[in-house]
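A short write-up of the structure that comes next.
The values are calculated or read from the model by the stated rules, or taken from the named source; none is laboratory data. Quantities reported herein were computed from a predicted structural model and do not represent experimental measurements. When we count neighbours, we look across all protein chains shown, and the Cβ atoms used for this are built from the backbone with ideal geometry, even at glycine.
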């Protein structure tokens with residue numbers, strides 16, 4: 001039975017790190033406006049954040065930041081790791097944004113999906129890397145308007161799977177899934193989750209956040225939801241559980257958000273009232289789930305939880321009719 005209003009544990013699932021924000025533009029070592037919305041990966045003994053950095057023109061690029069403890073002592077690539085190459089890739093005219101990184105064990109590589117912007121609108125691009133130093137750029141895999149893409153870590157029924165968010169004019173921004181035999185050609189598109197109308201926290205638009213985590217109960221999906229108020233938009237973070245072999249089927253979905261803007265660095269910045277996770281790392285030995293998130297489109301924060309607690313909460317959430 002799902003817990004009633006007032007006794008739900010979702011708000012206490014994730015604990016902010018006491019050193020938040022753990023990364024700001026002043027730590028980059030080169031001139032920039034803000035750093036936020038970073039993919040996260042464990043590469044050997046290092047935590048790597050592939051962060052979105054916005055320069056003072058307003059255009060973004062991606063920079064790898066490395067740390068031995070995932071909190072401090074960040075070593076930042078200079079020059080930046082991935083800069084727009086408009087001579088080769090005209091779709092990158094207005095920059096690179098909001099990466100997600102998924103370890104693809106079959107390939108022994110990380111699959112990095114990110115948004116590229118141009119006059120034609122946002123598109124999803126894919127690159128493969130083993131070390132976040134050199135990249136094999138596969139190119140655009142989702143035409144405009146599309147963004148918020150994250151790969152599943154293994155083939156499902158023989159095919160790779162990708163969560164993403166196509167946007168049609170005048171339509172709600174919802175989460176979709178597509179399948180591919182080779183990471184290049186994508187098809188069999190299904191809507192996964194829709195926005196909830198009215199005053200819900202995820203009424204305006206939703207999108208996949210970090211890559212899904214495989215659990216015995218299903219794929220754990222973290223997603224952002226946006227509610228538009230008279231004071232502006234509020235970006236919060238919620239959870240869903242997808243079927244292991246048919247991930248376009250939602251098994252459970254949290255009614256409440258489990259992480260939202262509260263601290264001053266999350267409420268005040270270039271875009272206030274935003275928490276936007278693009279990466280999480282699970283340490284199986286300690287059961288610790290580290291959630292890296294952009295705060296107010298200005299800096300990067302870290303919050304932690306026990307994956308077992310997250311799953312206990314997830315399994316208390318309502319079952320989705322027809323699942």
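Whether any residue in the stretch 55-64 is in a loop (DSSP other than H, G, I, E, B), crowded, with 16+ Cβ neighbours inside 10 Å and on the phi > 0 side of the Ramachandran plot is what I want to check.
no
Determine, yes or no, whether residue 310 is surrounded by 21 or more Cβ atoms within 10 Å (Cβ to Cβ) and more than 23 Å from residue 76 (Cβ to Cβ).
Taking the combined requirement at face value, the residue satisfies it.
Starting from the stretch 25-37, keep only residues that are on the phi > 0 side of the Ramachandran plot and without any contact (Cβ under 8 Å) to a residue 60 or more places away in the chain, then list their pairs with residues that are part of a strand (DSSP E or B) and buried (at least 16 other Cβ atoms within 10 Å of the Cβ) whose Cβ atoms are within a distance under 8 Å, requiring at least 6 positions of separation or different chains.
Pairs found: 29/76.
Per-residue answers, yes or no, for (1) under 24 Å from residue 174 (Cβ atoms); (2) in a helix (DSSP H, G or I); (3) modelled with pLDDT under 95; (4) in contact with a helix residue (DSSP H, G or I) (Cβ under 7 Å, 6 or more places away or on another chain):
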| residue | (1), (2), (3), (4) |
| --- | --- |
| 270 | no, no, no, no |
| 275 | yes, no, no, yes |
| 278 | yes, no, no, no |
| 282 | no, no, no, yes |
| 290 | no, no, no, no |
| 294 | yes, no, no, no |
| 304 | no, no, no, no |
| 310 | yes, yes, no, no |
| 323 | yes, no, yes, no |
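Looking at the stretch 79-93, which of its residues are surrounded by 17 or more Cβ atoms within 10 Å (Cβ to Cβ) and either closer than 24 Å to residue 178 by Cβ or touching a residue at least 40 places away in the same chain (Cβ under 8 Å) (or both)?
80, 81, 82, 91, 92
Which pairs turn up if I take residues in the stretch 130-147 that are touching a residue at least 40 places away in the same chain (Cβ under 8 Å) and look for partners that are part of a loop (DSSP other than H, G, I, E, B) with beta carbon separation below 6 Å, at least 6 apart in sequence or on another chain?
Final answer for the pair search is 141/186; 147/122.
Quick one: residue 42 ticks every box in (1) surrounded by fewer than 21 Cβ atoms within 10 Å (Cβ to Cβ); (2) without any contact (Cβ under 8 Å) to a residue 60 or more places away in the chain; (3) in a strand (DSSP E or B) except a single one, so which number is it?
(2)
Kindly indicate the residue of the stretch 196-212 that is surrounded by fewer than 24 Cβ atoms within 10 Å (Cβ to Cβ) and more than 16 Å from residue 253 (Cβ to Cβ) and also farthest from the chain's Cα centre (by Cα) among those meeting that condition.
Looking at the filtered set, the residue picked out is 199.
Suppose we filter 76, 71 for residues that are surrounded by fewer than 18 Cβ atoms within 10 Å (Cβ to Cβ) and closer than 17 Å to residue 294 by Cβ; which single one remains?
71 is the lone residue from the list that is surrounded by fewer than 18 Cβ atoms within 10 Å (Cβ to Cβ) and closer than 17 Å to residue 294 by Cβ.
Report yes if residue 121 is at positive phi, part of a loop (DSSP other than H, G, I, E, B) and more than 17 Å from the chain's Cα centre (by Cα), otherwise no.
Taking the combined requirement at face value, the residue satisfies it.
Among the residues in the stretch 247-264, are any in a strand (DSSP E or B), free of Cβ contacts under 8 Å to residues at least 60 places away in the same chain and within 30 Å of residue 16 (Cα to Cα)?
Taking every residue of the stretch 247-264 in turn, none turns out to be in a strand (DSSP E or B), free of Cβ contacts under 8 Å to residues at least 60 places away in the same chain and within 30 Å of residue 16 (Cα to Cα).
Looking only at strands (runs of 3 or more DSSP E) that lie completely in the stretch 126-188, which have at least 2 residues being at pLDDT below 95, farther than 23 Å from residue 224 by Cβ and out of contact with any helix residue (DSSP H, G or I) (no Cβ under 7 Å at 6 or more places or on another chain)?
Strands (runs of 3 or more DSSP E) meeting the threshold: 136-142.
Hey, can you tell me all the residues within the stretch 169-195 that are under 19 Å from residue 233 (Cα atoms) and either surrounded by 21 or more Cβ atoms within 10 Å (Cβ to Cβ) or under 18 Å from the mean Cα position of the chain (by Cα) (or both)?
173, 174, 175, 194, 195
Go through the residues of the stretch 233-242 one by one and say whether even a single one is more than 27 Å from residue 102 (Cα to Cα), out of contact with any strand residue (DSSP E or B) (no Cβ under 8 Å at 6 or more places or on another chain) and in contact (Cβ under 8 Å) with a residue 12 or more places away in the chain.
No, the stretch 233-242 contains no residue that is more than 27 Å from residue 102 (Cα to Cα), out of contact with any strand residue (DSSP E or B) (no Cβ under 8 Å at 6 or more places or on another chain) and in contact (Cβ under 8 Å) with a residue 12 or more places away in the chain.
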